[in-house]
Amino acid sequence: MVDWLDYKDAYEGGASRVAGTVKVLRYVRSVELANTRDILVYLPPSYPTANRTYATLYMHDGQNLFDEATSFAGEWRVDEALEALAKDGIEAIVVGIPNTGANRLAEYSPFHDARLGGGRAADYVKFIVDTVKPLVDSAFRTTGEREGTATIGSSMGGLISLYAFFERPDVFGAVGAVSPSVGFSRGAMIDYLERARFAAGRIYMDVGTQEGRPRDRDPLDARRRPAAYVQMVRDARDLLVRKGYREGRDLLYVEEEGAVHNEAAWAARLPQILRFLLS
């Protein structure tokens, strides 16, 4: 029997740290990755009383989504954002998949980097599709269909989100690539996107204009030229447009002036991300 716990029963003091209903399945084993992790599921306010199914968002770095106390770099405040959006009729189930610390880079990277290693993304996506998604679909009222299934992450989590969307278009119908690390492994993701088949769906992509910029860089020079990180995200956006994604319709691209690469910036942009992907 699969035992989904209330957040307060899974983590001491957790009841006061999350908004709404968050369920936890402890110690889910990945055969592909030979490790275990908890899986977190946020349920929308109408879930107990509504006779309906819900779009489902699979989000990476799950320990950063709902609870500052469990995060390693700050909280996205996903639960608070969706509780507020529910007042406008925007609701979804969120599946938080925590990273496993030292294995994070390997699991989130589709390509091996000569200096940093990595390259286990295919196994990680298989874990989500073959293990996590069936557990969630059997326990909760998800749509179960690609049109109602999205994957969202930031930084390396944004990279794996883009990869999952194009690698498994039969499963994921939307993606939120937040400050994606498309420059990893000498920009191998750009080459991958160039070769990938067009996958119908919605793509959200963003970057802050101060991401990847040394703090001591001449501010006048910074205004003239974007950092390499920003330019690589722009290159990915341009490639997607060339593939046929229409900005403002299939593709929403955002550059936030002055924003840096951290959870606070991503949390601030989250309501806009959710409105686009769930509308």
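The values are calculated or read from the model by the stated rules, or taken from the named source; none is laboratory data. What you see is a predicted model, and the numbers here were worked out from it, not measured in a lab. Positions of Cβ are generated from backbone atoms using ideal geometry, with glycine treated the same way; all protein chains shown enter the neighbour counts. Quick note on the areas: whole protein, heavy atoms, side chains included, nothing else; ligands and nucleic acids left out. Shrake-Rupley method; radii C 1.70, N 1.55, O 1.52, S 1.80 Å.
Below, the figures for the structure above:
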read-out	value
Residue count for the range 107-125, restricted to those that are open to solvent by 30 Å² or more (accessible area, probe 1.4 Å) and either charged (D, E, K, R) or in a helix (DSSP H, G or I) (or both)	4
In the range 260-279, the residues that are within 14 Å of G208 (Cα to Cα) and not in a helix (DSSP H, G or I)	V260, H261, N262
Whichever residue in the range 223-259 is of a type in the set (G, A, S) and more than 12 Å from G212 (Cα to Cα) and, among such residues, is most open to solvent (accessible area, probe 1.4 Å)	G248
Odd one out for P214 among (1) at pLDDT 95 or above; (2) not in a helix (DSSP H, G or I)	(1)
Which listed residue, of V182, V129, is without any contact (Cβ under 8 Å) to a residue 60 or more places away in the chain, of a type outside the set (G, A, S) and open to solvent by less than 10 Å² (accessible area, probe 1.4 Å)	V182
Selected residue [part of a helix (DSSP H, G or I) and within 28 Å of Q272 (Cα to Cα)] from L159, L135	L159
Out of R197, R223, R242, sole residue that is at pLDDT 95 or above and assigned to a helix (DSSP H, G or I)	R242
Qualifying residue in the range 18-29 (condition: more than 22 Å from I273 (Cα to Cα), open to solvent by 40 Å² or more (accessible area, probe 1.4 Å) and of a type in the set (S, T, Y))	yes
Filter result for the condition that a residue is among the aliphatic types (A, V, I, L, M) and more than 26 Å from R52 (Cα to Cα), over A150, A177, A200	A177
Output for the range 89-106, where each listed residue is in a loop (DSSP other than H, G, I, E, B) and either farther than 11 Å from P271 by Cα or among the polar types (S, T, N, Q) (or both)	G89, E91, A92, P98, N99, T100
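Per-residue answers, yes or no, for (1) outside any strand (DSSP E or B); (2) within 20 Å of A177 (Cα to Cα); (3) open to solvent by less than 30 Å² (accessible area, probe 1.4 Å); (4) touching a residue at least 12 places away in the same chain (Cβ under 8 Å):
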| site | (1), (2), (3), (4) |
| --- | --- |
| L40 | no, no, yes, yes |
| T49 | yes, no, no, no |
| M59 | no, yes, yes, yes |
| D67 | yes, no, yes, yes |
| D79 | yes, yes, yes, yes |
| A84 | yes, no, no, yes |
| K87 | yes, no, no, no |
